[in-house]
Every structure is written in structure tokens, then in C-alpha cells.
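Every read-out reported here was derived from the displayed coordinates using simple, explicitly stated rules and does not represent laboratory data. Keep in mind it's a predicted model, so treat the numbers as computed, not measured. Neighbour counts are summed over all protein chains in view; Cβ atoms, including those assigned to glycine, are modelled from backbone coordinates with ideal geometry.
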Amino acid sequence: MRAHKANSFTGYMKKAVAHFAALPAGQSILDIPAGNGQVTDALRRASHHVTAADINRRRQEYVYADMNKRLPFDDNRFNGVVCLEGIEHTLAPFALLGELIRVCKIGGHVVISTPNIMSMYSRLQFLLTGTFFNFHPAQLQDVGPEEARDRFHIAPVSFHSLRYFGEYYGAKVIKVDGDKIKRRVLLPIYLPLIVLGKPWSRRLYFSRRYAAWRERNRQIYRQANTWATLFSLSIMVFFQKTREATATVTHDLGPHAKLIPARRLSIEGVC
């Protein structure tokens, strides 16, 4: 997070905390990356038990957890997991999503937020510059492969990818939300573009070739065209874990990570 935003309690933070505050007290929740601890503190004020994890050492209580590696927690450890503006900082974001789902109990909720590359503003930026909003390469520092440092926004993630990989790893989308509108002043440009694109979009989703998945595609279409998905600065995806993870990561979440069936894992590692 940028230095000038380090102490701000953002819209996506408020919504994540409100989601868990509405659940019965005493939930065991993982907050990763914990950052400066604002979400951890707010969840504790809501009477939940929170484990804060990060690669930074801002607080002595923090569990050291590199999101580019297998998380140091047992399967089905937590009732809920919060990962706000973290997944886009990783080398293998969907392997991390699998890890977040792995450590969550069946029936528990995993809440993800990430910069919204599907927003109309980001689409315009990509059309004109070839870069998504918040993901232009000029802002990145050169970080060596063995350095455990924040690499910043290196992995743009769309709602569609989060939904697909979330289901692959054993969780379903229960809600899509967002925070503030990016460049509200551009609404007179956004809205005509949405109207012009709607026939094309509907043709893609509801082609007869995909009739076997029509109901699923109808749901995806609705989720992809919410106000939050089209306009918010950050997108929030709320998952509920429905089954054991299909696969999990042995150690490194980098490009050479090995996936093995979850049933072959013990707490200590591979059986």
C-alpha cells in the first residue's frame, strides 16, 4: 500500500469487516497480508479471534507468511480468511487463492479484494495504453528472485479468473462487491460504451454453443455486470468453501510449484 494510504480505513476494509461482524462472535479468522493491523484490530473489536500474517515485522504477534509459498497453517484451520489487496502482489495468484481456500473450513468464507481491472476506467486505460489501471510496469521495482519483499502490483486478476479458480479449489462465489467509483466524472463516457457493448457481451455469454452451461453463464453475466464490477476501484469477491480443495501446493507458489491432491497431504507435509 502506498505510504499516503497506509493509515486509511478504506471502503473494502469496512465491507470485509462488516461481513464478518454480521456472523456469530468467536470466529477464527486469518488476516493476510495484515499490513499495519487495522483489519485485524477491527475484526477483534467484533469479538473474533484473528491470526495476523505477513512478511513484515510491524507487530511481534504476526505469523511470518510468504504468500509466494505454502502458507504455514493446517488444512481447515480457520472459519474465515481475509486477503485484501494482496493477491495481485504474488507470483502465482491463483495458487495463493487455493492456499487461502485450503486453510479455511468447509462452510467458511474467504474474502478477496484486488484492483478492479474489469472496471470501465481500467478498460479505457488498457485500450489507450495497453496497461491496466494500477498495473503499469513503470511503477515496479526490480526485486531479485530470492528476495522476500513486496513486489507490488505484478499480477492483474479479473473477476472471471477468481471465480473459475475459486470453484476449482472448492469454493463458490456468494457475493461480488466493490468500493468507490473510479473517476465518477467519466460516467457520461462509460454508460454509452456499456450500452453499445451489451449485444456483443450477451452474444458471448448466451451463444447456443454454450447452451449446456446456460444457467451458469447467466449467473456469471449478472455478476460481471454489477455496478461494483463495472465501476469500483477495487473488486471484492466473497467465497464460501463447499468442499475439500481439489489440489494444494507443496511449497513454492512460483512458476514451478507442484500441485498434489489434498487427500495425500498430512499436517507435516506429503504422506
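Dipole magnitude for the chain: computed about the Cα centre from +1 point charges on Lys and Arg Cβ and -1 point charges on Asp and Glu Cβ, it is near 1320 debye.
Full extension of the chain between residue 148 and residue 66 gives 28.8 nm of extra length, using 0.36 nm per residue less the Cα-Cα distance. A full extension of the chain between residue 126 and residue 138 corresponds to an added length of 2.8 nm, given 0.36 nm per residue minus the alpha carbon distance. The listed peptides 38-51, 185-198, ordered by packing as a protection proxy, come out as 38-51, 185-198 (highest mean of other Cβ atoms within 10 Å first).
Each label was represented as a point 7 Å from its Cα along the Cα-to-Cβ direction; for residue 44 and residue 214 these points are 5.3 nm apart. Structure shown: which of 14/241; 14/182; 69/180 lie over 26 Å apart, alpha-carbon to alpha-carbon? From 14/241; 14/182; 69/180, over 26 Å: 69/180.
The calculated FRET efficiency for residue 74 paired with residue 9, based on their beta-carbon distance and R0 = 45 Å, is about 0.90.
Maximal additional length on extending the residue 201-residue 56 stretch stands at 47.9 nm, based on 0.36 nm per residue less the C-alpha distance.
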